1. Report yes if some residue within region 30-40 is within 31 Å of the chain's Cα centre (by Cα), in the same structural domain as V129 (by TED's automatic domain parsing) and in contact (Cβ under 8 Å) with a residue 12 or more places away in the chain; otherwise report no.
2. Tell me, please, whether a residue that is more than 26 Å from L267 (Cα to Cα) and in the same structural domain as A124 (by TED's automatic domain parsing) can be found in region 46-60.
3. One residue is enough: does region 180-203 have a residue meeting the conditions charged (D, E, K, R), touching a strand residue (DSSP E or B) at 6+ places or on another chain (Cβ under 7 Å) and surrounded by fewer than 19 Cβ atoms within 10 Å (Cβ to Cβ)?
4. Of a type in the set (D, E, K, R) and under 23 Å from the mean Cα position of the chain (by Cα): is that true of R118 in this structure?
5. Quick check on my filter: what residues within region 50-64 are touching an Asp or Glu at 6+ places or on another chain (Cβ under 6 Å) and modelled with pLDDT of 90 or more?
6. Identify the single condition in (1) crowded, with 17+ Cβ neighbours inside 10 Å; (2) in contact (Cβ under 8 Å) with a residue 40 or more places away in the chain that M149 does not satisfy, given that it satisfies every other one.
7. Filtering region 163-179 down to residues that are touching a residue at least 40 places away in the same chain (Cβ under 8 Å) and part of a helix (DSSP H, G or I), which residue is farthest from the chain's Cα centre (by Cα)?
8. Counting only residues that are of a type in the set (K, R) and surrounded by fewer than 10 Cβ atoms within 10 Å (Cβ to Cβ), which one in region 344-394 is modelled with the highest pLDDT?
Amino acid sequence: MSKEIGSPIIFETKYNRNNATKLDENISSNIADEEKQNLLINYPTVYIINEPNGSKRVNYTVYVGETNDIQRRTLQHLDADPQNREDWEQLRENNDALMFIIGHQHFNKSLTLDIENRMMHYLAGVNVVSHLNNRRENAQNDYYTSEEMVPIFNKIWRKLHRSMPDLFPLQRIIEESALFKVSPFHKLTRNQIHAKDEILNIVDKSLSTGKENQLILVQGEAGAGKTVLMSNIFYDLAKKDHHSLSVAMMVNHPQQEKVYKQIASKLDLGDNAEVIKVPTFIDKCSPDKPVYIAFIDEAHLLLTQRSQAYHKHGTNELLDIIKRAKVVIAVYDEHQVLRLSQIIEKDDHKLIDNYVDYRVTLKNQMRIDASQAMINWLRNLIDNQEITTAPLDNSYDLRVFDDPAEM
């Protein structure tokens, strides 16, 4: 990093029209340093509007945005946006609503978009945030100062934490939450971005041609980022108003179901986005009137011995889901087996092969901080049961124990 990263400038104000009409004047009156004034008034900024729900501030509605003209943008939110959106009307009418305006000497358009997206990522994991609005995900690719994004964000968050610790708790607390790990606001890798574009193109083509019962398998090793990709696409499609899409997310674990329901509620995905159990989806939906998009996380679990005993509507849960959707996007990993009942027979693989229209493969490894040589050695050990000489890798701590108690 060639330049020293300074402290962010954060200006707090009441969110109302009276303050907005003289926002530039208020900034100049309260901040003595003219350079800092200029960074807030004339440079790109990130802003956070928060509205406590109830006098005890048990939870908050929050809006995160970025702009090149904070006064003009604030007036637009107060005057124009409430005419079309109920959430902006509620923010305008709440006398306790506050706005944080955030500036930095290194801010440019790409950096503020990235900071905005990361702020959404963290705030979505805060327990006291009941509704989080933004209407887009804005993670950027590489740009001139992209390496500064994380350290600048961390400085911003720490400063906000000192001001409002309930709304901006310690980062490590958020990062340990399941909601943070499955958030649709993760910054995608290039491999994930390419996969997302490929999937969205398939979906758009299907919707425009009217083709139904298509299956897209998303494959990749554990740690490749499949669940994050699914969450991101689920959010993206649920927000596409122009298709009036009906979108259903199916998961196999109660905790995952709870997390996705929190995402749908916090991000106000609406009635067309539903988090639902597999049997409920099959009972509720009809092949005669399929939903637009059905997502299935861990779809390989639907081909286990338990599912093969399923006969209520057909012979297989996964196939019955395909019959009830225009497009099914399914995470499928035949190697993720935890017990004997989850072993998938070869005939079942052949059965699914007959229904697959597209395969999208992720090749990242996001859980193991190791060299490619070490990852290859581990894959060879797991997949082929071959023990060869382990490569030297200073970033990966590999140890061998003879005694489980000692380990």
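The values are calculated or read from the model by the stated rules, or taken from the named source; none is laboratory data. For clarity, every value in this text was computed on a predicted model and none was experimentally measured. For neighbour counting, all protein chains shown are included, and Cβ atoms are generated from backbone atoms with ideal geometry for every residue, glycine included.
1. yes
2. no
3. Yes, some residue in region 180-203 is charged (D, E, K, R), touching a strand residue (DSSP E or B) at 6+ places or on another chain (Cβ under 7 Å) and surrounded by fewer than 19 Cβ atoms within 10 Å (Cβ to Cβ).
4. Against the criterion (of a type in the set (D, E, K, R) and under 23 Å from the mean Cα position of the chain (by Cα)), R118 qualifies.
5. Those that are touching an Asp or Glu at 6+ places or on another chain (Cβ under 6 Å) and modelled with pLDDT of 90 or more: T61, V64.
6. Result: M149 passes all but (2).
7. Here the answer is S163.
8. Step by step, filter region 344-394, then rank; the result is K350.
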